[in-house]
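The values are calculated or read from the model by the stated rules, or taken from the named source; none is laboratory data. No experiment lies behind these values; they were computed from the predicted model shown. FYI the Cβ positions are ideal-geometry reconstructions off the backbone, even for glycines, and counts take in every protein chain you see. The area values use the complete protein model at the heavy-atom level, side chains included, leaving out ligands, DNA and RNA. Shrake-Rupley method; radii C 1.70, N 1.55, O 1.52, S 1.80 Å.
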Amino acid sequence: MSGGRALSRPEFIAMIAALFATVAFSIDSMLPALPEIAETLTPDNVNRAQLILTSFLFGMGLGTLVVGPLSDAFGRKATIIAGVALYIVASVAAIFAQSLELLLAVRVVQGLGAAAPRVVSLAMVRDIFAGRQMAQIMSFVMMIFVMVPAASPFVGSIIIANFGWRAIFVAFIVFALIGSTWVTLRQPETLPPEKRRALGVATLWSALREVLSHRMVLIYIAVLTLGFGQMFAFLSSVQPVYEEIYGITDSFPIWFLCSGLLSGAGTILNATLVMRLGMRRLAIAAYSTQTVLSAVVLVLTLSGAVPEALAFPLFFVWSVTVFFMAGLTFGNLNALALEPLGHIAGLASSVIGAVSTVGAVILAIPIGLAFNGTVAPLMIGVFCCSGLAWLLMWSARRADPAPKKVVRH
């Protein structure tokens with residue numbers, strides 16, 4: 001590496017977590033703003049306001065196709081800083097947007113910029129770690145990634161109450177500057193010039209074919225897509241579920257904060273167990289459990305067997321399990337997908353991130369728009385996504401039963 005003294009492992013984890021948190025904060029802090037945005041920009045169809053979330057995710061998915069190859073050619077740090085700069089410019093434009101259409105377009109651009117810290121930071125981790133050690137590092141990172149979304153609606157509600165919903169975008173700028181400054185001043189470059197790959201159609205096509213021809217990688221990408229899909233669908237639906245079904249408005253950020261803090265235990269548990277039990281075994285256990293839990297809660301809810309007084313507590317517990325299972329899977333799945341692709345980590349991270357994010361948005365939009373005043377569409381969506389992910393992980397285990405070795409670069 002070049003650019004200064006290497007960070008200690010805790011410092012490196014904290015820095016990567018800050019970069020990931022920029023993305024998380026950009027999504028979840030908008031949740032308490034959706035009612036006001038709907039009233040201001042789309043009063044005739046308030047359900048369209050949730051596209052504020054999925055438009056950002058769609059832009060981020062598209063951006064991941066570009067930033068990985070750029071980081072392979074020009075280095076990790078330069079790509080991250082350029083992406084953050086685009087993110088900040090889009091945030092400034094969002095402050096002054098006067099229509100929902102313009103705001104959605106700006107959010108897409110903002111997502112394009114946010115793709116750099118999300119994808120390239122993952123490539124930085126792969127530059128240094130591999131196998132179960134990478135999964136363990138990603139577990140600690142994902143713990144912060146889960147905690148930030150949990151606190152984001154609460155922070156967002158405070159900002160909105162005092163300064164209005166447009167001030168959220170000022171907070172985005174501050175958040176982005178913290179992470180990018182940390183990278184600029186403290187993080188050495190993890191991809192030295194002699195290991196970079198020149199941009200070129202032939203080079204990119206060769207690397208892309210390698211990623212997409214690897215059966216196991218394709219399975220893990222599909223599972224990530226399903227996992228992110230149910231998470232994005234949940235985030236799109238959770239605010240109207242709380243408000244329209246359970247009548248919870250002002251205290252929504254507090255409940256969301258509590259659910260995130262409780263579910264953060266999933267990442268801690270994963271970091272503790274992954275070195276002993278392995279990545280695939282934990283992912284299989286997580287998705288099988290989520291499938292069964294969602295089926296049970298769905299049947300109880302649709303059958304009317306749940307007393308009215310217990311309806312919200314049951315939903316709250318179920319929502320905690322959705323986030324908890326994410327903590328047991330996302331870090332492991334990223335590590336599994338990147339394990340055989342360390343020599344093209346930047347482009348591989350791009351392909352994995354782009355396909356899984358765009359695919360997840362495609363899954364999440366109809367689930368979110370299907371909201372009909374009940375929790376049924378959301379629960380059915382989570383059940384289907386978790387069930388398919390479970391089946392795919394079983395197929396991966398049968399196709400490649402050999403355990404992965406732990407490698408330190």
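For region 62-145, chymotrypsin sites (Phe, Trp or Tyr not before Pro) meeting the loop criterion (DSSP other than H, G, I, E, B) and having at most 16 other Cβ atoms within 10 Å: Phe96. For the chain, relative contact order (Cα pairs under 8 Å, six or more residues apart, normalised by length) works out to 29 percent.
Counting only heavy atoms of the protein chains and using a 1.4 Å probe, Ser303 has close to 80 Å² of accessible surface. Net charge near Ile37: determine it from the other residues with C-beta under 15 Å of the C-beta of Ile37, scoring Lys and Arg +1 and Asp and Glu -1. Here the count lands on -3.
Surface listing: Ile380, Ile159, Ile80 arranged by accessible area from highest to lowest gives Ile380, Ile159, Ile80, probe 1.4 Å.
Accessible area per residue for region 93-134, computed on protein heavy atoms with a 1.4 Å probe, is 26 Å².
Rounded to the nearest 500, what is the chain's calculated 222 nm mean residue ellipticity when only DSSP H runs of at least 4 contribute -39500 (n - 2.57) each, over all residues?
Working: 16 runs with 319 residues, N = 409.
About -27000 deg cm²/dmol.
Rolling a 1.4 angstrom probe over the chain with all protein chains present gives an accessible area of which 70% lies on carbon and sulfur atoms. Once the 1.4 Å probe is applied to the protein heavy atoms, region 328-399 comes out at 32 Å² accessible per residue.
Val119 contributes about 0 Å² of solvent-accessible surface, heavy atoms of the protein only, 1.4 Å probe.
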